[in-house]
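Trainee: Dropping a structure here in structure tokens format, bear with me for questions.
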Amino acid sequence: MKIGESFTYPEEQWQLREKAKTLSWLSIGLLVSAAMFLFFALGSSEAMKTAWVSDVLTAIPPIALLGAMHVELRGRSQRFPYGFTRSISVAFLVTSGVLSLVGLYLLYDSLSKLVAQQRPPIGTTQMFGHTFWSGWLMIAALSYSLLCGLTLGLLKKPVAMGLNDKALRAEATMNRDEWLSEGAAIVGIVLVGFGHWWGDAVAAAFISIEIVHDGWINMRLVLGDLMDETPTKMGEKELEDITDKVRSRVESLSDIAVAGVRLREHGRAVTGEIFIVPQDHADLMNLVREVADEAKDIDWRLHDITVMPVPKLDSITPPRVSSS
């Protein structure tokens with residue numbers, strides 16, 4: 001764990017990273033095809049319009065991820081001495097902001113139409129010489145989109161867990177939950193077919209709320225990362241125990257009286273400082289090297305950890321998770 005070395009992945013995580021890249025390309029292809037299918041079946045349905053926008057938006061995270069992965073492992077520079085591992089967090093900050101803003105607009109639009117009692121006409125269409133209700137084409141398009149999102153979510157989740165990538169896991173959850181929004185749109189269209197004009201706008205409002213919810217969850221995760229939050233468990237607010245693991249391992253060394261650890265997430269990497277109070281007889285140079293060697297074996301994400309000998313530890317040192 002040398003200061004200044006570039007962040008690298010172990011072999012197992014590298015394979016998962018390549019799989020994440022492949023899944024991102026697959027996501028773009030499937031979601032764009034679903035969005036095109038929805039566009040041609042759009043009609044005047046508010047729920048269909050909102051579902052179409054939802055599909056277009058869910059294609060943004062994999063595009064952002066591919067861009068971030070392209071620069072993530074670049075070498076350090078004078079302008080960026082800490083490297084580019086946070087590029088993934090920056091990309092998803094933009095994505096979550098877009099999701100939230102567009103979701104709020106769509107929610108306003110659907111509620112306005114609900115208040116105005118606008119009745120969406122779903123007429124008939126002709127295809128291959130046959131005339132049928134346009135709602136069937138809409139439902140077919142929504143079903144295809146639903147299956148695409150559900151499949152992508154199931155494929156991405158284990159990869160996200162293996163990489164400990166909160167952004168990818170949030171994306172997987174967003175894809176997997178596509179059945180909620182598409183299912184709501186199908187229900188809305190069926191309700192319109194049975195004469196309940198309000199079903200379409202209510203379904204659109206429900207989908208909009210889901211978009212805003214996904215955007216807010218992503219925003220909270222990314223802002224925590226950018227504000228040097230202690231690593232948290234995947235998909236939860238609870239703190240991860242990696243800080244205590246590092247501190248316990250370091251304090252188990254015979255020449256360490258007490259240790260303090262501060263860690264933060266840096267994209268997929270985890271960086272930070274280890275403060276050690278050495279015993280009086282300790283050889284500082286060898287002790288610092290030993291502490292660094294012990295720490296790097298705890299978790300593959302630990303990178304660029306600074307080991308700092310200090311005469312004592314004060315209240316700045318974070319308390320143990322178990323005592324909070």
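Trainee: Is there a pair in K19/K156; K19/K157; K245/K296; K21/K166 whose C-alpha atoms are over 18 Å apart, and which pairs would that be?
Mentor: Listed pairs above 18 Å: none.
Trainee: Restricting things to alpha carbons, find the Rg to Rh ratio for the chain using the Kirkwood radius for Rh.
Mentor: 1.13
Trainee: For the chain, modelled as a GNM with alpha-carbon contacts under 10 angstrom, which of A91, A292, A269 fluctuates the most?
Mentor: Fluctuation is largest for A292.
Trainee: Please arrange T58, T22, T232, T243 by counting, for each residue, the other beta carbons lying within 10 Å of its beta carbon, fewest first.
Mentor: If I rank by nearby Cβ atoms, fewest first, I get T22, T232, T243, T58.
Trainee: Given H placed on each backbone N at 1.01 Å, which residues far from V270 in sequence or on other chains put an amide H within less than 5 Å of it?
Mentor: Residues meeting the amide H criterion: L302, H303.
Trainee: Between 0 and 90 degrees, rounded to the nearest ten: what's the tilt of helix 198-226 against the longest Cα principal axis of the chain?
Mentor: Orientation of helix 198-226: about 10 degrees from the principal axis.
Trainee: With labels modelled as points extended 7 Å from the Cα through the Cβ direction, what inter-label distance (nm, one decimal) is found for L284 paired with L239?
Mentor: So the two model labels end up 2.8 nm from each other.
Trainee: Along the range 264-278, what does the Karplus equation 6.51 cos²θ - 1.76 cosθ + 1.60 (θ = phi - 60°) give for ³J(HN,Hα), rounded to whole Hz, x for Gly and Pro?
Mentor: Values per residue, Gly and Pro as x: 9, 7, 10, x, 8, 8, 10, 10, x, 10, 10, 9, 10, 9, x Hz.
Trainee: With N set to the number of residues, divide the alpha-carbon radius of gyration of the range 242-323 by 2.2 N^0.38 Å and report two decimals.
Mentor: Computed over Cα atoms of the range 242-323, the ratio equals 1.02.
Trainee: Could you work out the relative contact order of the chain, using alpha carbon pairs under 8 angstrom and six or more residues apart, expressed as a whole percent? Provide the component values of the computation, followed by the final result.
Mentor: On the way: 520 pairs, mean separation 63.6, N = 324.
Computed over the chain, the figure is 20 percent.
Trainee: How large is the helix-only mean residue ellipticity at 222 nm for the chain, computed as the sum of -39500 (n - 2.57) over DSSP H runs with n ≥ 4, divided by its residue count, in deg cm²/dmol to the nearest 500?
Mentor: -20500 deg cm²/dmol
Trainee: May I pose another question? Compute the FRET efficiency between F39 and L180 as 1/(1 + (r/R0)^6), taking r as their Cβ-Cβ distance and R0 = 25 Å, and round to the nearest 0.05.
Mentor: 0.75
Trainee: Further question: Under 8 Å for C-alpha pairs, at least 6 residues apart: give me the relative contact order for the range 253-296, rounded to a whole percent.
Mentor: 36
Trainee: While we're here: For the range 1-116, with only Lys/Arg (+1) and Asp/Glu (-1) charged at the beta-carbon, what is the dipole magnitude about the Cα centre, in debye rounded to 20? Show your work: numbers first, answer last.
Mentor: Values: 10 positive and 8 negative charges, 73 e Å.
My answer is approximately 340 debye.
Trainee: Note the full-extension length gain between D299 and S112 as 0.36 nm times their separation in residues minus their Cα-Cα distance, in nm to one decimal. Each step should come with its number before you reach the end.
Mentor: On the way: separation 187, 0.36 × 187 = 67.32 nm, distance 5.12 nm.
Gain in length upon complete extension: 62.2 nm.
Trainee: Please report Rg (one decimal) and Dmax (integer) in Å for the Cα set of the range 64-123.
Mentor: Reported Rg and Dmax, both Å: 20.2, 63.
Trainee: Based on the alpha-carbon set only, what is the convex hull volume of the range 177-324 divided per residue, in Å³?
Mentor: Per residue, the Cα convex hull of the range 177-324 comes to 123 Å³.
Trainee: Treating only the Cβ atoms of Lys and Arg (+1) and Asp and Glu (-1) as charged, compute the dipole magnitude of the range 11-226 about its Cα centre; round to the nearest 20 debye.
Mentor: Working: 16 positive and 16 negative charges, 99 e Å.
Dipole size: approximately 480 debye.
Trainee: Of the options L152, F39, L23, report the single residue whose Cα projects farthest towards the positive end of the charge dipole of the chain (beta-carbon charges: Lys, Arg +1; Asp, Glu -1).
Mentor: Farthest along the dipole direction, towards plus: F39.
Trainee: Take the chain, mark every one of the trypsin sites (Lys or Arg not before Pro) that falls in a DSSP loop and has at most 14 other Cβ within 10 Å, then report the longest stretch left between them, sites excluded.
Mentor: With a cap of 14 other Cβ atoms within 10 Å, the longest stretch comes to 80-232.
Trainee: Multiply the residue gap between S252 and R76 by 0.36 nm, knock off their C-alpha separation, and tell me the result in nm, one decimal place.
Mentor: 60.0 nm
Every number here is computed from the coordinates shown, using simple stated rules; none is lab data. Just so we're clear, the structure is a prediction, and the values are computed from it rather than from any experiment. FYI the Cβ positions are ideal-geometry reconstructions off the backbone, even for glycines, and counts take in every protein chain you see.
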